């Protein structure tokens, strides 16, 4: 079996994957800027307008793992390109949206396309790069994610200054078209002949949808009893789903992979790290404006060092993860982030731009060191035939962690603790859990005896 794509085809495949990632991340973040304009144009209130973003996130989380399983059956390349095509068509339909219900349906279709592409993107990255360069590839992917997330709000504001709001959604379409054109170069692993577990896919989507939807409604709604009931129903579906999946050879929810201690620790560490990072990023603007009196423009400039630093650190960390065990890099990264989070919690009474900016840069660098090696370990340690499931797990953990972080911030704000030092202290505690999970993977008894990460990490002298 070939280890990665040959050159120059590999470069075209990398470009296709980068464009596809940028497409999904930009579309996920750019709509936030346009919400006030959309609310005014459609004659709806601000709370209703927020559903334009939340429905996208919810459908994305619900469908990642089911689509990863389906991609194994119909082909990873085909699933990726179908997803981009669905997304592009749904985006064009945004121009015909004259009501909130129609726009929500279109956004759900966009999320379906994005989920189809994102569910198999990590597996395609694994097939594109040689094993000894997998960390480098995931580091590049992290840069695309960080830079796209940083670009989305600015791009949305610029478009709204010169065009009508549907053009905000259309801004990502060129990435889709370019990725589709370059997509011929993508690897095309042979699909598996096993039948697709449709009932398992429905139960998986229902579990995530009910639990996350119930938590969201509990924070933003008026009926905690109904919200609690929705969460309990989702938990019951999840219990039945997990029990059913234990009997499956290739489960939709990759419990076969999570049964391996090294992968379970990696997933838990990633989950807590994403909750922590999102908790800080969403709560910091409230603190800077309410407690310190900074303007929105000043707040944006103070937070910018996080993604900018991440863009530099992530590829370096990915490159190092091809040489150094992820447990060491993850422990170092979380130590840096915990230090920065504590410094952010106990800032001076009258901080300057520099006081905040260097702390944000330090914190972003810590998370940037942690994320690519952690993803590399999950994807690289899974059997090749379960690469799509491992990639779906990485994406699901990221999105569920970010959604949980957003819900946590909303809860802290509702209780009056969201604009002080509590969020960075909570984030520091979550980063500590992630760091402990990372270091624990270094124990010989934790590593997978059949396939541990040292088999994927090449000595520096052998890496060209």
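Each reported figure results from applying straightforward, stated rules to the coordinates on display, with no laboratory input. Since the model is a prediction, treat every value here as computed from it, not as a measurement. Because the Cβ atoms are built from the backbone with ideal geometry, glycine has one as well, and the counts that use them run over all protein chains shown.
Which translational diffusion coefficient, to the nearest whole µm²/s, is obtained for the stretch 1-187 from the Stokes-Einstein equation, given a Kirkwood hydrodynamic radius over C-alpha pairs, 25 °C and 0.890 mPa s? Numbers along the way, then the final one.
Working: Rh = 16.8 Å.
Once the numbers are plugged in, D ends up at 146 µm²/s.
Could you list log10 I(q)/I(0) for the stretch 86-182 at q = 0.10, 0.15 Å⁻¹, which the Debye formula gives when each Cα is one point scatterer?
The computed values of log10 I(q)/I(0) come out as -0.35, -0.73.
Applying 1/(1 + (r/R0)^6) with R0 = 35 Å to the Cβ-Cβ distance of residue 354 and residue 316, what FRET efficiency is obtained, to the nearest 0.05? List each step's numbers first, then the result.
On the way: r = 24 Å, r/R0 = 0.68.
That gives a FRET efficiency of 0.90.
With labels modelled as points extended 7 Å from the Cα through the Cβ direction, what inter-label distance (nm, one decimal) is found for residue 196 paired with residue 177?
If labels sit at residue 196 and residue 177, their model points lie 2.9 nm apart.
What value, in deg cm²/dmol to 500, does the helix sum -39500 (n - 2.57) over DSSP H runs of n ≥ 4 give at 222 nm once divided by the residues of the chain?
Numbers: 17 runs with 354 residues, N = 464.
Value at 222 nm, helices only, nearest 500: -26500 deg cm²/dmol.
Using only the Cα atoms, what convex hull volume per residue in Å³ does the chain have? Don't jump to the answer; show the numbers that get you there.
Values: hull volume 66.0 nm³, N = 464.
Spread over its residues, the Cα hull of the chain gives 142 Å³ apiece.
Pull out the extension gain between residue 290 and residue 226, defined as 0.36 nm times the separation in residues minus the alpha carbon to alpha carbon distance; nm, one decimal.
So the chain would gain 19.8 nm between residue 290 and residue 226.
Taking only the Cα atoms of the stretch 24-73, how large is their convex hull per residue, in Å³? It would help to have the intermediate numbers written out before the result.
Numbers: hull volume 3.8 nm³, N = 50.
Given the Cα convex hull of the stretch 24-73, per-residue volume reads 76 Å³.
So if we plug the beta-carbon distance of residue 414 and residue 244 into 1/(1 + (r/R0)^6) with R0 = 56 Å, what FRET efficiency do we get, rounded to 0.05?
Working: r = 36 Å, r/R0 = 0.64.
After rounding to 0.05, the efficiency reads 0.95.
Under Stokes-Einstein, with the Kirkwood radius over Cα pairs standing in for Rh, what whole-number D in µm²/s applies to the stretch 251-464 at 37 °C and 0.692 mPa s?
Values: Rh = 17.7 Å.
For these conditions, the coefficient is 185 µm²/s.
For the pair residue 162 and residue 328, how long in nm is the line joining their label points, each one 7 Å along Cα→Cβ?
Distance between the two pseudo-spin positions: 4.9 nm.
Give the calculated FRET efficiency between residue 131 and residue 442 to the nearest 0.05, with a Förster radius of 22 Å applied to their Cβ-Cβ distance.
Values: r = 21 Å, r/R0 = 0.95.
For residue 131 and residue 442, the calculated efficiency is 0.60.
Take residue 45 and residue 15, extend 7 Å from each Cα along the Cα→Cβ direction, and tell me the distance between the two endpoints in nm.
5.0 nm
Viscosity 1.002 mPa s, temperature 20 °C: give me the Stokes-Einstein translational D for the stretch 153-254 in µm²/s, with Rh taken as the Kirkwood radius over C-alpha pairs. Each step should come with its number before you reach the end.
Working: Rh = 17.8 Å.
Once the numbers are plugged in, D ends up at 120 µm²/s.
Going 7 Å from the Cα of residue 7 in the Cα-to-Cβ direction, what parts of the stretch 320-336 have a backbone nitrogen less than 20 Å from that spot?
Answer for the stretch 320-336: 320, 322-323.
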